[in-house]
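In what follows, a structure is listed as structure tokens, so that the remarks can point back to it.
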Amino acid sequence: RCEEEDVEMTEDAYAVLTRIGLETSLRYAMQLITAASLVARKRKGAEVGVEDIKRVYSLFLDESRSTQYMREYQEAFLFNELREHPGTP
């Protein structure tokens, strides 16, 4: 994927991205490549490093972390108010 997008990445960043892919999904890890490349470009880096991967990992949730977040904060979301007031349009 890095070759297709013309992204240079350090070996350590590849290792971190591989681990993310194993723990989440290959699709999620591949989507992080583009975002990490943009972060590296913004800091004027020649290649994507571990810090770039960590940055985008903190910004974009995978399915599992997104579900966990929704469960933890469900009381703060609007749909919770609908349960408190049944029949309210």
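Modelled spin labels at Thr18 and Ala76, positioned 7 Å past Cα toward Cβ, are 3.7 nm from each other. With K and R counted +1 and D and E -1, the other residues having a Cβ less than 15 Å from that of Gln68 yield a net charge of -3. Assuming charge only on the beta carbon of Lys and Arg (+1) and of Asp and Glu (-1), the dipole of the chain about its Cα centre is about 220 debye to the nearest 20. Here log10 I(q)/I(0) by the Debye sum over Cα atoms at q = 0.23, 0.26 Å⁻¹ was calculated from the structure, and among (1) -1.17, -1.51; (2) -1.06, -1.26; (3) -1.17, -1.36 it sits at label (2).
Charged neighbours of Asp52, selected by a Cβ distance under 13 Å, balance to +2 (K, R count +1; D, E count -1). For the range 2-60, the solvent-accessible area of protein heavy atoms averages 70 Å² per residue (probe radius 1.4 Å; ligands and nucleic acids excluded). Judged by the mean number of other Cβ atoms found within 10 Å, the most tightly packed of the peptides 10-17, 51-58 leads the ranking 51-58, 10-17. What relative contact order, as a whole-number percentage, does the chain give when Cα pairs under 8 Å and 6 or more residues apart are counted? Over the chain, the number comes to 27 percent.
Ranked from highest to lowest mean number of other Cβ atoms within 10 Å per residue, what is the order of the peptides 66-74, 42-50, 26-34?
The packing order, highest mean first, is 26-34, 42-50, 66-74.
Within the accessible surface of the range 2-60, defined with a 1.4 Å probe on protein heavy atoms only, the carbon and sulfur portion equals 52 percent. Think of the chain as having a plus end and a minus end, set by charges on the Cβ of Lys, Arg, Asp and Glu; of Gln31, Thr10, Met70, Met70 sits farthest toward the positive end of this dipole. Measure nothing fancy, just the Cα-based angle from helix 50-59's long axis to the longest principal axis of the chain, in degrees from 0 to 90, nearest 10. Orientation of helix 50-59: about 20 degrees from the principal axis.
The values are calculated or read from the model by the stated rules, or taken from the named source; none is laboratory data. As the structure is a prediction and not an experimental result, all values here were calculated from the model. All Cβ positions, glycine included, derive from the backbone under ideal geometry; neighbour counts span all protein chains shown. The accessibility values were calculated without ligands, DNA or RNA, using every heavy atom of the protein model including side chains. Shrake-Rupley method; radii C 1.70, N 1.55, O 1.52, S 1.80 Å.
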